[in-house]
1. When you go through (1) modelled with pLDDT under 85; (2) closer than 30 Å to B:Ala269 by Cα one by one for A:Ser257, which number turns out not to apply?
2. Residue check, B:Ile438 against (1) among the aliphatic types (A, V, I, L, M); (2) assigned by TED's automatic domain parsing to the domain that holds B:Arg370; (3) surrounded by 13 or more Cβ atoms within 10 Å (Cβ to Cβ), all met but one. Which one?
3. Looking at C:Gly510, is it over 27 Å from the mean Cα position of the chain (by Cα) and at positive phi?
4. For the stretch A:106-148: of the residues being in contact with a Phe, Trp or Tyr (Cβ under 8 Å, 6 or more places away or on another chain) and within 7 Å of another protein chain (Cβ to nearest Cβ), which is surrounded by the fewest Cβ atoms within 10 Å (Cβ to Cβ)?
5. Checking A:Arg281 against (1) at pLDDT 85 or above; (2) more than 9 Å from every other protein chain (Cβ to nearest Cβ); (3) under 18 Å from C:Thr108 (Cα atoms), which test does it fail?
6. Just to be sure before I move on: is C:Ser162 under 16 Å from C:Asn248 (Cα atoms), at pLDDT below 90 and of a type in the set (S, T, N, Q) in the structure I sent?
7. So which residues in the stretch A:246-276 are in contact (Cβ under 8 Å) with a residue 40 or more places away in the chain and surrounded by fewer than 21 Cβ atoms within 10 Å (Cβ to Cβ)?
8. Cβ-Cβ below 8 Å, separation at least six or inter-chain, first residue in the stretch C:547-573 and under 18 Å from C:Arg583 (Cβ atoms), second surrounded by fewer than 18 Cβ atoms within 10 Å (Cβ to Cβ) and of a type outside the set (Val, Ile, Thr): which pairs?
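The values are calculated or read from the model by the stated rules, or taken from the named source; none is laboratory data. What you are looking at is a predicted structure, and each value in this text was computed from that prediction instead of being measured. All Cβ positions, even for glycine, are placed from backbone atoms using ideal geometry, and neighbour counts span all protein chains on display.
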Amino acid sequence: MDLNLLAQLTVSGVVVGSSYALLGVSFGIIYATTKIFHLAHAVSFAAAAYGAVWASSSLGLGFALALVVGLVVGLAFGVMIELVFYRPMRNKDATLLSIFLVSLGISVAFPNLLQLAFGPDNRTLERPGNPIYELGPVTITRVDVIGTVLIWLLIAAVTTFIVKTRFGRSITAMRTNPVMAEAVGIDSKRVFTVVFVIGSALVAVASLIQTSKGVATPNMGLQPTLIGFIAAFLGGIGSLWGAALGGLALGLLSSWSALWLQVDYGPVVVFGVMFLILLVRPQGLLGKAAV
Amino acid sequence: MKIRRKDTPSQTFSFPSVDVSRRSVLFGAAAIGGAAALAACGGGGSDKGSSVSTAGVNSAQADGLNAIFGPGGKEGGVDVKLAAGMMLAVTGQGSFYGKVMGNGAKLAASQIKAAKGFNYDISIADHKSGDVPAALSGVRQLVTQDKIRVLQTSFGAPSEAIVPLIAQNKLLSFNGGGSSPGQAGKEYLWQTRMIFGDDPAPGGLAWIAKTYPDAKKLAIIGTQENGVAGAKTIGPEAWKKLTGGTVVANEQHDVGLTDFSSLVARVKAAAPDAILTFTYGDDVGYLVKAIREAKIEVPVMGIEFTEQGAKIAGAAFDTFNFATDFYSPDNENPWNKIFVEGHQAAYGEPPEYYGANYYEQVFFYWELVRRVIAAGGDPTDTDALQKALIDNPVFKSLYGGDAQTAGEVTFNPEDHTISKPMGVFKVVGGKPEKVADIVKVSSTADPATALV
Amino acid sequence: MSYYADIGITILILMTLAVSLNLLLGYAGRVSMAHAIFFGIGGFTAARLTLPTKEELGGVATSGLQTGAGWSWVWALVVAIVVAFLAALLISLPAVRLVRGEYLILLTLAFQLVANQLMGVLKNVTGGPFGLSGIPSMTIGDKVLFLPEEVFWVFLVAAVVSIAICWGLGESPFGRLLKGLREHDTAVASVGKNPVVPELLAFSISAAIAGGVGALAAFYYGSVVPSNYTLTFSILIVSVVVLGGIGNLTGTVVGAIILGLLEPMLRKWFGDGAIPWQAVIYGAALVLMMRIRPQGLIPEGKGLIRRRRGRRPEAEVPTEAEALERLSHRDDGADTSAALGMPIVEVHDLQKSFGGLKAVNGATFTLEQGKVTALIGPNGAGKTTIFNMICGSIEADTGTVRLRGEDVTGEAPYKMARRGLARSFQDVRVCQRLSALDNVAMGVPDQPGERVSQLILRPLRTRRVEQEVRAKALDCLALLGIASQADVLVSDLSYGDQKLVAIARLLATGCDVLLLDEPTSGVDPASVEKVIAGIGRLRALGHTVCLVEHSVHFVQRLADRAVFLDQGTVIAEGTVDELMNRRELAELYFGT
């Protein structure tokens, strides 16, 4: 085995896997708490990127400010979807399947609206240079270093918030036993709103990291959303660290598969492993078996 | 992870044949019309009686054309009406290409009419940027509703899919925008552009071998869609003959990949002296960027240039070269000048590659009609037209030539491909600049002769 | 003509796929996000089988791979259907444990992504991203079906046949079983039905139809390309079903026509520029539909054929006496009176802990044949847990359950029911969207109509048996005094009547040991009387009844014996009066 290759693939796998981890946590926290299969997470992802691009190209804002605008836009879209679409349906006792289908409808319509508004072209963000660091045989860019560190800080912050604060514990209570949680006076609406704020903000960050090194396109959101829920399920619904590790494992696995296989087999390996894990351990790697 | 972006098309496959499998166009458009997947509903309405604009045609141009192609009137086929179909990306992500191809052909029809040549009567059908069922439905519609005899088709997968329909209805067909090996040698179907990737590869490698004489180890990066032969056989064999070197890596990826880090890591581990890539569309932008971010500082030879790719790669693209049959509106060739002038007048912009190819095709038909008339045959009989093509496979071209004479292209009656002038280009400040002329060479010839 | 025929074919393909998915989504209540893959599996299978062989091509196959087995299209179609069926079976077999809906979404989604990726990568099999082309057209005799207006009729036949199959299955006892599983798989298992096999079959049959139409599409288009089988297409199929009305095939047909026409219409009226709007409209339609009319355009149970939904006229309702007479005529003719009072269920030293909590701690008691035994005790005494262990829905840590002397500890609930022991649930678990009669009919054991093979091979017999089943179900309802409500949707019944339906369903199973979990909780007083009368008739029929009940009044009126539990242990047994006269027990029970 080529150790230099292994080192580079490991570093790339960690970079990619970290963004998957963030996607997994962002999807997982919403899914675990609200039980909504939030496919329209893709909307927050794309909205954040386009928000930043718009702020930079139309408002002429600098890079940092554009990122802030993007974060706010992505977050706003996520919360709006909860407030405008999901909540009224939940109040009318809609089934989870019909809420999922609404989510699907939103995620189908939105990219096309984006395309009508911004055109189908790739959009780029005006951004500072992205120096490359060389560590022996391994290279890594500045955006990747900053992004990866930021991601794990955010994941640590969110999990700490959930475990240590009173409000965080009410989220856990809502997740594990909604009836009991409501009975002891936890306001489910408030919890859901906060969960959507956190989830959408995290996915917006993932989107902005990607846009900082790539481009924005109208359809950019779907794939990360799929990855997010795969990571969340792999890790085990309800376990945020599980989702994070699930994402990291996905990234490393697909990267390491390049040790032996052509890269076009990467997705086959990843989805195949996921398929197997689902069959063998449906509760996810760190999830607890349902009683 | 690299999930195939089947549903996230990119505007940018500047070479239409690429598209096609992710070509589902807009996420939802494909969804609805999974239909797309299904049928694209008959390939849309055919654009019957598309008005052949006479804008952009003046008598000087008509005279110029008569000077190049011969007089109008009876021998020019002024009495002949040829019902023609165009199978284009009218809608979807590739609709830009549908537009310029249609524009090129319509301009040709009006210029030929002005030069008292044949009546080229165009009906258009839509394959929705590469949907196979849409293409099949569209051809059926053109054949049954519009009674077409000849067909200008585009894109790779749709064109491959309609091969049986072309043969069955004896539609003499030209494809100038999606030539794939699967279409080679098929009855009544002729390619009017170089086979993407495969044909220019020896020339591109010859340029690298000459420019970087120390390069011995080559890495090849490609996809399963286009340039397959180039990556598997043509490229490696040419490299061996040119340098005596070896191919140290031969990597494949999905079309639509954005994260090339693992692939590039594999390439880096092989420590190549040069890279040949058949990656196209947006992907090449991501690839070149990843190569430079991995500090692989060797020459990279590609097979196409796209604005979208340039956007993605940013400054990294200025270290990129590519080899292809690139069309330049600045070519001094007198026919090309008439074309550019007419295009500018009719559409307010200079023509580009695909407009040129589909414009040129109409003149191929005209030339064939003239020859059949001269031989006393029926100019709407496609067997007669094809026989005329096989008997003399040389045609005038917008490519090549000089200030006095039009260029020349030659069809290969064996496999129905074409030979056109090609070039090696480098990117300077985000724009392509020609650095060498290359030609297609046979697999047995010395690849060094590909470099003119 | 060709143009319109082609649009028609598009719609028919969509319709057939959506109808087949509705069998799964509507009747079985399971979402598959991979329907396009089965469509594709059929397509690729048919392509490989019908493409000419190398010899037939005279060795001049230019792109090398576009060769096949040179079969005729009919056999290729058959094999495509079988392959799609088996593929679905293979995928769903391991999924049976994952009954929760979102796991099936995830699993099928993963399968959709893996399979579509593989279609692009496995060049030797599928031809890679450009797929396979040159697939021969269908032929009938010497006639080559090439033009859309010719092929149209094939697709029309396919659609009609598929709709007939799905409708036939859906409206058969098999479909009733699926609907039951959709709403309460535990309840269906509790009356003796295997909860897994019907769903597997629904999934596989649905996939087989998709595979068949995939093969036909391959013959029509002449080529198969991986990009035709993407997630977006799977989503489209789901959307057609949802927009049309889940569980309603008429709705699906209408939905397919509307969505199929959306594009040509938009294009006709607004030109090519309307294309991006199409997806917006479609997405918005989905959102609006779910918000305004979540049951779809034509909701389940509504349609062209109006069904009776009111009370039955008295004349068509059997009297209680008639019902009792017929039901007491046992199939096996055995006389059970001799065994009256003999132990039939023996529970020995059952133990169960949840986490650190000891829910049941060494419960031992017996049920006597033909008697009504009540399990009583304060909340948290472990009564329901004991029920669950007896009927096998949770596993005991230790201890045994014997039924007629045989050790049946840990048998799955549906197997227990087949041995003659069934239970009801505290939260009734009757299927809300079925009529009372259908709910009860579901309980009748050994119905050939619940088996797909019998439906196909012996349609007349299944129909005849179904008549008998419905008659028996009506008798069961009559015995509980609610036969006039037989055709009413359960969701329209009072809670008390729903409990009676649940008991009638148990009665229909023919089981002679019935465990009733709080049959009167939450029930209005008038209905309580009906329940008491009904249970009395169960006893009159010779059934052994065990009930968990809080109302002492109720227990006193009904139960022959009582078992008093506290903290998971039996602390007393005897007649109800005996136990209630013991002060310490009364205190425990009433918490004074």
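1. Answer for A:Ser257: the failing condition is (1).
2. With (1) among the aliphatic types (A, V, I, L, M); (2) assigned by TED's automatic domain parsing to the domain that holds B:Arg370; (3) surrounded by 13 or more Cβ atoms within 10 Å (Cβ to Cβ) applied to B:Ile438, the lone miss is (2).
3. Values: over 27 Å from the mean Cα position of the chain (by Cα): no; at positive phi: yes.
No: the conditions fail for C:Gly510.
4. A:Leu116
5. The single condition A:Arg281 does not satisfy is (1).
6. So C:Ser162 does not fit the description; no.
7. Those that are in contact (Cβ under 8 Å) with a residue 40 or more places away in the chain and surrounded by fewer than 21 Cβ atoms within 10 Å (Cβ to Cβ): A:Leu252, A:Leu253, A:Trp256, A:Leu259.
8. C:Gln556/C:Asp577; C:Ala562/C:Glu573; C:Ala562/C:Gly574; C:Phe564/C:Ala572; C:Phe564/C:Glu573; C:Asp566/C:Pro378; C:Ala572/C:Arg582
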